[in-house]
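The values are calculated or read from the model by the stated rules, or taken from the named source; none is laboratory data. What you are looking at is a predicted structure, and each value in this text was computed from that prediction instead of being measured. Don't worry about glycine lacking a Cβ; one is built from the backbone with ideal geometry, like all the others, and counts go over all protein chains shown. Quick note on the areas: whole protein, heavy atoms, side chains included, nothing else; ligands and nucleic acids left out. Shrake-Rupley method; radii C 1.70, N 1.55, O 1.52, S 1.80 Å.
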Amino acid sequence: MSHSSLSAQLASLHSKHGAGSRQHGDSVGRGIHHSAKLGHSVITNNVKHKPSVLHPDSRSAAIADVPITTLRENAIASLQFLSQHSSQLFDMSGENLPWQTLFGPKSIKYERGVNSTETNAKFDGFVKDALYLLSTALGDAASSISGFSGSYIQLGANIPSSVLHALEYLIQKYYVHVHNAENMLVSFLPHHESFLFDRILQLVNLAQIPHWSFLRPFGTAKGLNGVPRTVLAKWAASTKDNGGGVILVKQISELGKKAARIHVKERLLGTLESTQPEARRGISFVISFAAATLAETFHIQHSTNGSIDESTLRCMIPIILSAVEPLKEKKKNSGKTKTNWSLGTLCQEWRSFGHIMISLVMEKCDLNQDLCEVLVECLVNGSIEFVQLLRRDESRAYAEDVVDVEVYNDHNADDFSSLMQYILESTSGTLLVIINILNHLMDVDASKRAVDTESCFLPIVMNDNKSSLRQTVGYKLTAKMFNAIMKLPFLAISFGHLVSDKEIECRPLIASLVIMSISKTRCNSHNFQEHFNIILELMKNQPPLKAIWIEKGMPLITSVCSFIIHSSIKLLDEDDEINKIILQSLPKCLQSISQIDSAACDAGITHAVTMISSISDNELKKRAGENVEKLLHLSGHLKNEIIPKKIDLTVALDNDLDHLLPPRMALEHPNVTLRMNAIAKLEADTASKADANDIA
C-alpha cells in the first residue's frame, strides 16, 4: 500500500465530514432532545428548539414562543370544540378527571420531578387515556391534514386542528413525547400515514423502545409522508427475539380494544336506544386499522411459513375470545344481582373484530377440534348475551324466540322492527363465522364418513345410483357444537337471512342439524322438543327458507325424507319418552317438507321403502313396514279412507311393502292393482284440493 493512499485514508477518518455523517446517522430516530455530540438525550430549556406538532419544525415553534398559559387556553377551547363535534368525553365539566387533571387551573403548577412515583403513575394513566381519546377524535375528521398551510393552525377550525392544539399543550407542558413516548406512539398508530405521525416520530426517542426501533429510518427531519401499513405488518409478522413481532401484535390488538372501551364509556353517557348505537367514525377507524394490520400480518406469516406463527396465535386467542365471549361474572349490588355486559356486546365493532380474526385464523392455520368447540360456544353465548341486551325491555322485544318467516319477507311490516333487523344481522353474522369454522374442520376422510354409523353427515340419495361410494353432505359437528348452535337465537330465520341476502351455502349445516336433532345419541332428552321445533321452522314453505331446499344440484329433500323414514325403524325396540317425542315429531317433519316439494318428498319415501323391502330378515322387515306405515299415516301420505271400495286391496303384491309407495311413484308399478289404487288416490286428492279451494 502506498504512503499517499494511507495518508488519504487517515485524513478521511479524521475529517469533520466523516464524523458528522456518523453522528447524523446515530441521531436519526433518537428524538428532538438527542445530542449528537453527547450521544444521548438532554432535556433542557433550549431557546432554539421546542417540541411541537403545531409547527412545521422545532425551530419554528421556538421562534413563535407561545406562552404555556396561552397553549392551555387554546387547548381548553379545542376540548370544547371536540366535545361538541366528536365525543362528550372531552367535556371538562363535572369530575372528568383526565381533562380536569391535565388541563385544569392547577395543571400549570404541575412539576413531574417533585411528585411521588405513585402520583406520576396515576398521572401517566390520565395521559394515556387522553392520548387514545384524541386519536379516536382525529379519526372522526372527514379528511386528515396533509400538511401545513402556514406556521400555525387556526384554532377551532376543525377536529384535526383541535386535536393538535390539545396535543401541543400535553407535549410542551408534560413532555408526553418523553415520559409517555410509547403510549403516544401506539395511540396515534392508526394515523401512520399522516404528517402528525411524522412529527411524533421526530419527537420520540425510538432507540429507547427496542420493539419500535424499526421506525427509526422514518424519523428524519424532512419526513417520509408517514409509514406504510405494510412496514408495520411485516414487523408484526417477524419472530425476532428483540421484542418485535408478538409485542406489536398485542399492542395493535389492545389499541382496538381500547377504542371499544371508549365507545362503551360514550354509551354510558347517553341512553341505550331500542337499537344498538353505532360507534362513531373515529372508533370504527381505529378498530378497522387493527383488523386490517393484523390481517396483513397473518397473510405475511402464512406466505412465509405456511401458517400463522404459534407465538402469534397464542397471543391472539385470548384477545379473540374477549371480543366474542359473554361476561362470565355477574356483580352483586345490595344483595341483588346486577347484570353486566361484555365488551363485545356493548361494542358491535369490537365483536365484529373478533369474527374477522376467527375467520382469518381458520383460513391461515390449523386448529384442533377442542379449540373450535370453544370458539363456537363463545360465539353463540356472546350472541345470546347481545340479544338479551337488546331485548331486556319487554316493551321493545318480541315475546317469542321465533320470528315468523312471513314477517321477515316483508321488511316494511310494522312487526318487523329495526331492532329485529339489527338482531338478525348479528345472529346471521355469528352463524357465518360458525360455518367458516366448520369448513375448517371438513378434512374428514370420505371413507370414514361412509362407515360412521353415528355420523352427522346426511346420506345423499342419488338418482343414477352409479356411484359406488356413499355420498354425504354435512359438517363434522360434535355434540357440544350442535347443542351450542341450536341455542343461537332466531336460528331458522338467520339461515334465511344468509341465503336470501348473502347467498351463503347453508345446506351442509342444515343437513347436519336435521340429522343430529333426530339422533338420540347426539343431544340431551330435555332439548328434543325444542330442537324439533327449530327444524320445523326451517322446513316452512316460505321464502327465503324455501330456496335452501329446492336449489338444484343437491336432492336435499329426497335425502332428508329417506333419512326420516329410516330413523323411525331404529326406534322399534325402544319405548321411552324420547322416542315418543321423536315419533310424534317425525310425521310433522314429513308433512312440512312435503309442502315445499311433494315430488321430491315422494322420491325420498320411495327410496326408503325400497331399501326396507330389501331386508332379508322377514320379521324385522314386517315390523319396520308397520312402523313406516304408521308414520306415513300420521304425516298424511297414506289415506286409505279415500280409496273407492271397488278397488280390491287384498290382491297379493310382489312386495309386502309396495302399498306404502306414494301414489305418483306407484303409477309405474308393474302390479295393476297398485296402479289402480294410485290413480284413485290421486283423483281423490285432486278433488279434495278443489273442494278446499272452493270453500276458500
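Data for the structure
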quantity	calculated
Close pairs (6 angstrom Cβ cut-off, 6 or more residues apart or separate chains): assigned to a loop (DSSP other than H, G, I, E, B) in region 55-84, surrounded by 15 or more Cβ atoms within 10 Å (Cβ to Cβ) anywhere	His55/Ala61
Count of residues meeting criterion [open to solvent by 10 Å² or more (accessible area, probe 1.4 Å) and either in a loop (DSSP other than H, G, I, E, B) or over 15 Å from Thr293 (Cα atoms) (or both)] in region 181-203	10
Test: residue in region 601-618 that is within 49 Å of the chain's Cα centre (by Cα), surrounded by 18 or more Cβ atoms within 10 Å (Cβ to Cβ), modelled with pLDDT of 70 or more and not in a helix (DSSP H, G or I)	no
Residue that is nearest to Pro555 (Cα to Cα), among those in region 489-513 that are assigned to a loop (DSSP other than H, G, I, E, B) and within 17 Å of the chain's Cα centre (by Cα)	Ile504
Residue within region 478-493 that is surrounded by 22 or more Cβ atoms within 10 Å (Cβ to Cβ) and in contact with a Cys (Cβ under 6 Å, 6 or more places away or on another chain) present	no
Condition check for Ile108: open to solvent by less than 50 Å² (accessible area, probe 1.4 Å), over 22 Å from Lys258 (Cα atoms) and in contact (Cβ under 8 Å) with a residue 24 or more places away in the chain	no
Some residue of region 285-296 being open to solvent by 10 Å² or more (accessible area, probe 1.4 Å) and in a loop (DSSP other than H, G, I, E, B)	no
Any hit, region 272-280, residues being hydrophobic (A, V, I, L, M, F, W, C), modelled with pLDDT under 90 and not in a helix (DSSP H, G or I)	yes
